[in-house]
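Scroll down for the structure; my scribbles are underneath it.
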Amino acid sequence: MPRRRLSRYAFHRRLRLLRQNQRRSKGRRSFLLVALLIVALPLMVIPAFAAESVGSLPAVDGLSATGLNQDMLIFDRHGTLIDDIGDHGDHRIVVPLTYMSPFVKQATIAIEDKSFYKNNGVDFGGIMRAALADYSHHYIAQGGSTISQQLVKQVFIGPNPPPTIQRKLREAVLAVDLNSRYTKDQILELYLNTIYYGAQSYGAEAAARGLFHTTAHDLTLGQAAMLAGLPQAPTQNSPLINPTRAKARQVEVLEAMLAQKMITPEQELAAENEKLDFFYPTNQLQAPHFVDYVLQVLDKQFHIRPSDRKGYRVYTSLDMNVQHLAETVVRNQIDRFGSYYDFHDGALVAMDPRTGEVLAMVGGDDYYRPGGQINMATTTTRQPGSSFKMFTYTAAIESGRLNMVSPIYDQPMIFPLGAGKDGLKPYAPINYDKHYHGTLPLKMAMGNSLNIPAIKVELTTGIPAVLDTARRMGVTSLNQDDSHYGTSLTLGGYGVSPLDMVTGASTLATMGVRHRPAPVLNIQDGLGKTVFKYDPAKNQFQAISPQVAFIIDSIMSDDRNRCMSFGCGGDLTLPGRHVGAKTGTTQDFRDNWTVGFTPTLATAVWVGNPDYHPLAHNSTGIVGAAPIWHQFMTQALASQPDQWYAMPAGVNQIGQNYFLPGTESLPATLAGPWPVCRFRSFNPYTVTDAQLTVNGLPCVLGYTPRDLNQSG
């Protein structure tokens with residue numbers, strides 16, 4: 001068959017095509033040569049060329065997963081996570097590679113870098129495939145990057161760099177350098193703790209917690225395959241945003257694992273069919289007021305802040321079981337009786353008196369309502385009312401001037417000064433029932449929370465002595481000069497926090513040994529090194545003697561001492577159990593308290609209103625706070641046997657009463673009327689301290705409250 005001749009047009013067209021193909025081939029070879037250089041140059045380690053091509057490079061030594069910025073984690077005493085504090089919503093929790101599920105390691109290698117354990121940081125075959133695929137775009141795209149390259153991009157170059165040849169060359173040089181300095185497992189650990197998985201989660205642990213509410217240790221094959229498919233396109237592949245694409249990507253990962261014989265066909269099928277539950281990013285904060293309190297303690301005492309991003313693990317004293325009980329009891333009381341008595345907030349602090357460890361803290365009924373972030377358990381703006389009297393009577397017994405049966409005359413009293421904003425008007429304290437009860441023993445005056453006898457005891461003992469006792473026992477807010485405090489101190493007329501009140505009660509519960517509140521038991525840094533471990537022995541102080549504490553405990557635990565005012569067998573008692581308790585009500589019914597203790601648990605409860613408006617129906621501590629205290633204590637102690645104190649040496653017992661040696665027979669100094677001022681009228685602007693004092697005591701006016709009211 002004769003050979004077909006080409007026309008001149010066809011011949012020249014064929015020639016042009018041949019030359020174009022030759023140019024393309026030459027261009028492809030040139031491009032592949034660049035790709036080869038990307039691999040060859042780091043391997044040949046030519047510093048001069050590297051410096052000229054990629055400029056100065058950061059040093060890759062000193063890298064560690066534990067050195068990454070990461071969250072502060074706050075746990076309860078049993079290891080239950082109560083808060084994960086990230087950076088403006090971003091989360092990273094560093095964990096060692098050995099802790100992670102083998103599935104997440106295998107899945108990541110299968111889909112991202114199947115030659116990971118063989119390559120030197122750069123996968124030549126992967127680069128060649130990417131180069132050929134992206135040739136038409138005239139730049140090197142993302143494909144072909146190894147795990148090492150992705151890691152150096154995240155750590156040294158940035159997550160979204162321009163896709164240039166120079167950038168790729170920098171990645172390659174750094175990746176090879178990285179592999180020369182670190183083991184493969186170290187590199188993989190860094191990668192799995194660094195890479196972004198979407199939903200503000202960096203690293204496998206944060207992603208596992210956020211997306212699946214599990215840990216990197218417990219990831220199933222299906223979950224691990226889903227996670228491993230996210231870094232390539234965290235938003236596009238997200239099961240929360242694009243579930244169809246996410247499922248397809250998961251299958252790609254599983255097929256890659258199967259192809260590399262990491263899993264069996266049966267495992268692949270089971271993982272594809274596994275039903276996965278996904279969770280949107282949420283704040284898992286529990287016990288929010290307590291967490292705020294812990295953060296304040298960490299800052300003030302340890303100079304540790306979440307913004308440090310050092311990955312501190314803080315193990316607190318909180319018991320979430322006890323915390324949930326406290327929250328439930330407070331909320332139920334407000335829901336049931338808050339409308340009737342017009343109280344809409346409450347606080348509770350429970351402490352182990354033997355160590356000072358805070359077991360529960362409810363700082364308010366609703367942390368998320370407007371103003372709800374104010375922690376009513378730690379604020380010092382609320383008056384404790386008559387619950388403060390436990391400090392007054394402790395100081396009195398300690399002074400040796402009074403004993404538990406000292407007679408006290410309950411009478412009307414009008415002090416010339418002390419009322420009004422300027423303190424220049426007569427002050428006429430009254431008992432909360434507005435009655436007077438004649439002469440009765442100190443233990444009944446305390447148990448029935450009578451105001452007039454408490455003032456007499458305070459003034460006889462001395463206000464400075466009462467302040468000193470309260471401060472020693474744990475009250476931190478009364479820190480002004482003693483001269484700042486007046487007669488209303490014993491009536492709880494100055495702000496004290498529930499946390500201080502429970503500390504004082506705990507001091508009585510430990511026979512006079514005070515432990516400052518201890519909310520933090522253990523702190524570990526990001527390396528797992530313990531930087532603090534709580535030692536109760538270093539946090540104890542003999543604030544009052546065991547003998548004084550035992551006498552006050554005996555008064556506060558004898559229900560007969562309070563039956564006159566509160567009835568017998570009420571909420572200040574616990575069936576079948578010894579317990580000391582004291583109520584508190586401010587004179588204007590704005591604050592409502594109950595404080596009490598056993599040898600193993602002390603609890604302070606406050607109810608009221610954040611805006612300070614008073615409660616309705618003359619609400620006292622016995623109807624507002626006491627039911628909360630009673631229910632909480634009953635349930636919290638349900639599994640513990642009844643315990644109380646043996647009488648210590650140095651206490652004398654006569655019948656059912658207890659005395660410090662030498663105080664069994666004291667003068668009945670408070671059994672008679674109080675000293676009366678030597679004047680009937682006076683000028684409040686010119687009257688002197690000497691005129692206001694009789695026999696060393698502040699005197700009272702010689703007329704009745706009725707006279708005071710009639711005089712306007």
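With the checklist (1) on the phi > 0 side of the Ramachandran plot; (2) at pLDDT 90 or above in hand, flag the one item Q150 doesn't pass.
(1)
Just to check your reading of the model, which residue among V297, V329 is modelled with pLDDT of 95 or more and either farther than 30 Å from G67 by Cα or in contact with a helix residue (DSSP H, G or I) (Cβ under 7 Å, 6 or more places away or on another chain) (or both)?
Going through V297, V329 in turn, just one is modelled with pLDDT of 95 or more and either farther than 30 Å from G67 by Cα or in contact with a helix residue (DSSP H, G or I) (Cβ under 7 Å, 6 or more places away or on another chain) (or both): V329.
Out of everything in the stretch 680-697 that is out of contact with any Cys (no Cβ under 8 Å at 6 or more places or on another chain) and surrounded by 14 or more Cβ atoms within 10 Å (Cβ to Cβ), what residue ends up being farthest from T487 (Cα to Cα)?
Among them, the one singled out is F682.
Kindly indicate whether L269 is aliphatic (A, V, I, L, M), loosely packed, with under 14 Cβ neighbours inside 10 Å and farther than 23 Å from G89 by Cα.
In short, yes.
Quick grid of which residues meet (1) buried (at least 18 other Cβ atoms within 10 Å of the Cβ); (2) over 34 Å from the mean Cα position of the chain (by Cα); (3) over 23 Å from T66 (Cβ atoms):
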{"site": "H88", "(1), (2), (3)": "no, no, no"}
{"site": "R92", "(1), (2), (3)": "yes, no, no"}
{"site": "S101", "(1), (2), (3)": "yes, no, no"}
{"site": "V104", "(1), (2), (3)": "yes, no, no"}
{"site": "A107", "(1), (2), (3)": "yes, yes, yes"}
{"site": "I111", "(1), (2), (3)": "yes, yes, yes"}
{"site": "K114", "(1), (2), (3)": "yes, yes, yes"}
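Any residue at all in the stretch 300-313 that is modelled with pLDDT of 95 or more, touching a Lys or Arg at 6+ places or on another chain (Cβ under 9 Å) and not small (G, A, S)?
So far as the stretch 300-313 goes, yes, one or more of its residues are modelled with pLDDT of 95 or more, touching a Lys or Arg at 6+ places or on another chain (Cβ under 9 Å) and not small (G, A, S).
Would you confirm, using the coordinates I've provided, whether D113 is among the charged types (D, E, K, R), within 15 Å of E189 (Cβ to Cβ) and either in contact with a Lys or Arg (Cβ under 8 Å, 6 or more places away or on another chain) or modelled with pLDDT of 75 or more (or both)?
yes
Give the residue that is farthest from L660 (Cα to Cα), with candidates limited to residues of the stretch 545-571 that are of a type in the set (A, V, I, L, M) and crowded, with 22+ Cβ neighbours inside 10 Å.
Ranking the candidates gives M556 first.
Select from the stretch 499-530 the residues that are in contact (Cβ under 8 Å) with a residue 24 or more places away in the chain and part of a strand (DSSP E or B) and list them in ascending order.
V513, R514, A518, V520, L521, N522, I523, Q524 - these are the residues of the stretch 499-530 that are in contact (Cβ under 8 Å) with a residue 24 or more places away in the chain and part of a strand (DSSP E or B).
Tell me, yes or no, whether the stretch 562-570 has at least one residue that is part of a strand (DSSP E or B), within 25 Å of R336 (Cβ to Cβ) and in contact (Cβ under 8 Å) with a residue 24 or more places away in the chain.
Within the stretch 562-570, not a single residue is part of a strand (DSSP E or B), within 25 Å of R336 (Cβ to Cβ) and in contact (Cβ under 8 Å) with a residue 24 or more places away in the chain.
Kindly indicate whether G526 is among the small types (G, A, S), over 30 Å from G420 (Cβ atoms) and modelled with pLDDT under 95.
Answer is yes for this residue.
If the Cβ limit is 6 Å and pairs must be 6+ apart or interchain, which residue in the stretch 534-548 that is within 13 Å of R472 (Cβ to Cβ) pairs with which residue that is modelled with pLDDT of 95 or more and among the basic types (K, R)?
Close Cβ pairs satisfying both conditions: F541/R514; A543/R472; A543/R514.
So, in the stretch 283-322, exactly how many residues are free of Cβ contacts under 8 Å to residues at least 60 places away in the same chain, surrounded by fewer than 14 Cβ atoms within 10 Å (Cβ to Cβ) and assigned to a loop (DSSP other than H, G, I, E, B)?
Looking only at that region, the number is 2.
Sort out which residues of the stretch 336-370 are under 20 Å from T583 (Cβ atoms), of a type in the set (D, E, K, R) and not in a loop (DSSP other than H, G, I, E, B), and write them in order of number.
Residues satisfying the conditions are R336, D345.
The values are calculated or read from the model by the stated rules, or taken from the named source; none is laboratory data. Note that this is a predicted model, so its numbers are computed, not measured. We place every Cβ from the backbone using ideal geometry, glycine too, and count neighbours over all the protein chains shown.
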